[in-house]
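Notes for the one structure printed next.
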Amino acid sequence: MEHLLRKPNIFKFDDAFRTRWLGFDHSAFSPTSFADYTTERGWDKERLLDGDLAGAHPSQQAKTRKDIALSAAAMVQSWLYFGFLEGICQERVDTTSFISANIEADGYRTLHSNELFDILKSSNAIATFLEHHDHAQAKVAFDLLAGDLLAANEVCNRVLKFTFHPSLEYPEWAPLLESILPSILLMLEAIEGMAKRFYPTHPRLRLDRRHFPPDAQRKRLERLTRLGWCPFTLDRLSRTTNNSVMSWIEVAQFKRETNRHTSCESSQCRLYQIDPNSYQTKHVSPTCKCSFQSPNLDVLQFSLRKGKVPAITVITEESQLRLDITTFDVGKRGSYVAFSHVWADGLGSVSEVGLPECQIKRLATMASVIPGCKRSCFWIDSLCIPRRKDLRQQAITLMAKTYSTATAVVVLDREIQMAGAASSEEIFLSICGSGWMGRLWTYQEAALARRLVFKMKDGLYELIPSQLPPPTLPLITIWTHLAKQLRKLTTESDSGVQTISSVQATLASRQTSKPDDETLAISGILGLDASILQQHESEARKATFWKLLRSVPQGVIHLPGRKLTLNGFRWAPQTLMYQPGHGSNTMFHPDEAICTDDGLIGDFEGLFLKNTVKTRPDSRIYLHQEGGSGYEVIGVDDSNLDFAFDAIVLAGKGLQELVGREGIGTAILLTKPALRERVEYCGECTQRLLIRSASPDTMRGAGKSFEVTVQRRHLCLT
Ligand SMILES: [Zn+2]
Ligand SMILES: [Zn+2]
């Protein structure tokens, strides 16, 4: 993983990052393709990947089990590392550039990637491309590279399986794979990232997600937590970036303040969850005792009633501080700054209470340096949103417009403010890894901004998601994955309206202290009227939200977590924010359905049974098509109540996606006769299921199985 650093240095690393070279004699054979590497060396690839380690090579027979596992792992390491590199470079790779000369105390040499980038640059096939940027000349080399990346991924996935389900026959096999796979995965990501950068339009080059071996992943998260990172943030970064980003944070030793996130979990950051009863607004310095100032409530009320944005100007007269209110028409470019902050940092309040003078002066100073901001005019919720319910509602209705009208949105986050503007990648990480990035409201605040500015250690930093600064690290993969997250900070369309699918994908790694705010906080980016939502509370508000959206992807029914209990909306998730479990990416579905008071109406494709089946969530059910494929299903909801169903609606592209893998589906109980014309059945979602295609052997062993037919039906899910 040395290639993740700007100035690689193998000697900097301690044992946690060291990869043992298991000693396979790679150089004994001439360079060959990745596909032929095993066969040329007399190894049976299929046996090896099926875990028949003794039968994979003639020399294995006479060895002890321990040695069998060791030589198989050594083979896999050499194949995936040097076999892959030689395959794509189409020439001999000097292994001494990657393997240390010294033998360490444990008897092994060290495999390192200090010279990975230089080797790639000097390989004939790739250099042609890198130097000339000539797609025509390099097409062949990149076709080969893309093909080999896919093949190597496939091999990685097959051997990774042994780390999740260790072999009883060869107990050393899984730990050996755990130790060699991280460096291989990081090398593949580096090459994939570089290739993608130089040839972004290549049809077969993808940015794939790769699992880290479970033990290595757990240890890496523990070490990152010790560097001060919040488990919730780490979980978000793990799911939204790649292994290279996670390992880079570690090897580059990007620290966070210690002891802040000690009680947090991967499902929730407790530091940012606010209890309004015990919340205390903070001064700039803990010793400051200055008085609080608040704006005139009557003027504020007048502005909100007129549907105008009230912004604050700080007037100092004879060392007395006074807050004036200037009102701005929405829709026009307002000459004020809107602040986006997280309450946990101490800037939270309401208009009636106000903020300490020291904080107000600080905000005005920041506003004064933003071009286009007249008289240091600024808007912040703590001064401009009253506690009084009717005024609060009006302010929230105006919220989206408040941010989209401002000349700039300035982000204040304690962690981002401590970061220096060192390199593109470090700036990106400080933003992507901040508490601000994990909050509900800040999503819309950033997405609607005309200009997005971050307060950092050395001053203000403007981020233009569509024109990000170029990468500075030699290998591009880290930049690419962080940039992808930053681009999500802006709306995709000119109208500023996002799709519910992309909103859900972003919300899945955010949280809030007030669950009832969820629909309000995203209404602006979805083009919905927050005032209509505010006429309702809790579940009724959520049901209204879905009705206002009207047309939604059918995949919504497969999202993990609890559902609403209101009739007609029992298919709808309680929240789009973080939920553990399978299926959080099911919203991307080509077919839509319509949200109505009666239910979710659409043409759903699924597996239909002849009779109702009753079962327990944890018992496996087998299904088959007449004379055709078999399927195995099991419940995945967090419930142990029995459930019944007559149909299963599948997520994604349905059956065609199931071949050789598992998918998500929802069990439907078709109960009542049709309520409306064209609706063939009403149905109730009774359980989310994991479904996978079952082999004929599995089906024979299963005994009883239920016959299903694939049909598309017009359903109303209640
Ligand atoms: Zn935390
Ligand atoms: Zn103060």
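Values in this text are rule-based calculations from the coordinates and carry no lab data. Just so you know, these numbers come straight off a predicted model, no measurement behind them. Note that we place each Cβ from the backbone using ideal geometry, even for glycine, and neighbour counts take in every protein chain shown.
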query: Looking at the range 244-327, which GluC sites (Glu not before Pro) are in a loop (DSSP not H, G, I, E or B) and have at most 14 other Cβ atoms within 10 Å?
result: E257, E318
- prompt: To the nearest 0.05, what FRET efficiency results for R388 and E539 with a Förster distance of 45 Å applied to their C-beta separation?
  reply: 0.95
- prompt: How many Lys pairs in the range 292-487 lie less than 23 angstrom apart by Cα atoms, where the lysines are 8 or more positions apart or on different chains?
  reply: 18
message: 7 Å from Cα along Cα→Cβ at both D598 and D275: what's the point-to-point distance in nm?
response: 4.8 nm
task: Could you calculate the FRET efficiency of R209 with E318 from 1/(1 + (r/R0)^6), where r is the beta carbon distance between them and R0 is 60 Å, rounded to 0.05?
output: 0.45
task: Report, please, the projected area of the range 423-553 averaged over directions, based on the convex hull of its C-alpha atoms, in nm².
output: 9.0 nm²
query: Can you put W248, W441 in order, fewest other beta carbons within 10 Å first?
result: W441, W248
field: Amide H contacts under 5 Å for A694, placed H, 5+ residues apart
entry: G630, Y631, E632
³J(HN,Hα), Karplus 6.51/-1.76/1.60, whole Hz, each residue of the range 358-366, x for Gly, Pro: 4, 5, 4, 5, 5, 5, 5, 5, 5
- prompt: Name the residues of the range 616-639 whose amide N is less than 20 Å from a point 7 angstrom out from the Cα of H582 along the C-beta direction?
  reply: 616-625, 629-639
In the range 422-513, GluC sites (Glu not before Pro) in a DSSP loop with at most 16 other beta-carbon atoms within 10 Å: E492
statement: Most exposed first, judged by fewest Cβ atoms within 10 angstrom, V93, V284, V409 run V284, V93, V409
- prompt: Between the helical axis of 231-240 and the dominant principal axis of the chain, each derived from Cα atoms, what acute angle in degrees is found, rounded to the nearest 10?
  reply: 70 degrees
query: Roughly how tilted is helix 477-487, in degrees to the nearest 10 and between 0 and 90, from the longest Cα axis of the chain?
result: 30 degrees
- request: Using amide H atoms built 1.01 Å from N in the peptide plane, name the residues 5+ places from F454, or on other chains, whose amide H lies under 5 Å from its own.
  value: V411, Y461, E462, L463
message: Just want the ordering: L227, L528, from fewest to most Cβ atoms lying within 10 Å of their own Cβ.
response: L227, L528
task: Stick to the Cα atoms of the range 2-211, pair each with every other, and give me the Kirkwood hydrodynamic radius in Å at one decimal.
output: 17.8 Å
statement: Rounded to the nearest 10, the angle in degrees between the Cα long axis of helix 173-198 and the longest principal axis of the Cα atoms of the chain comes to 60 degrees
Residue-by-residue Karplus 3J(HN,Hα) for the range 618-629, coefficients 6.51, -1.76, 1.60, Hz, glycine and proline x: 8, 9, 6, 10, 10, 10, 9, 8, 4, x, x, 5
field: Taking the convex hull of Cα positions in the range 292-487, its mean projected area over all directions (nm²)
entry: 10.9 nm²
- request: Kindly write out, for the range 465-476 in residue order, the coupling ³J(HN,Hα) from the Karplus curve 6.51 cos²θ - 1.76 cosθ + 1.60 (θ = phi - 60°), rounded to whole Hz, with x marking Gly and Pro.
  value: x, 8, 9, 6, x, x, x, 10, 6, x, 9, 7
statement: Amide H neighbours of R439 at under 5 Å, excluding residues fewer than 5 places away on the same chain, with H built from the backbone geometry, are Q511
Alpha carbon centroid spacing (whole Å) that separates the range 512-568 from the range 397-417: 23 Å
Total formal charge among the other residues, if their Cβ is under 15 angstrom from that of H261, Lys/Arg +1 and Asp/Glu -1: +2
task: Calculate, in whole percent, how much of the Cα-Cα pair population of the range 374-500 lies beyond 25 Å.
output: 29 percent
statement: Those trypsin sites (Lys or Arg not before Pro) from the range 319-355 that are DSSP loop and have at most 10 other Cβ neighbours within 10 Å turn out to be K332
- request: Per residue, how big is the convex hull around the C-alpha atoms of the range 489-607? Give it to me in cubic angstrom, could you?
  value: 113 Å³
query: For the chain, what is the percent of antiparallel DSSP beta bridges, rounded to the nearest 5?
result: 80 percent
Over the chain, volume per residue of the alpha carbon convex hull, in Å³: 188 Å³
task: Looking at the range 292-487, send over the antiparallel percent of its DSSP beta bridges, to the nearest 5.
output: 60 percent
- request: Among DSSP beta bridges lying fully in the range 400-473, give the percent that are antiparallel, nearest 5.
  value: 60 percent
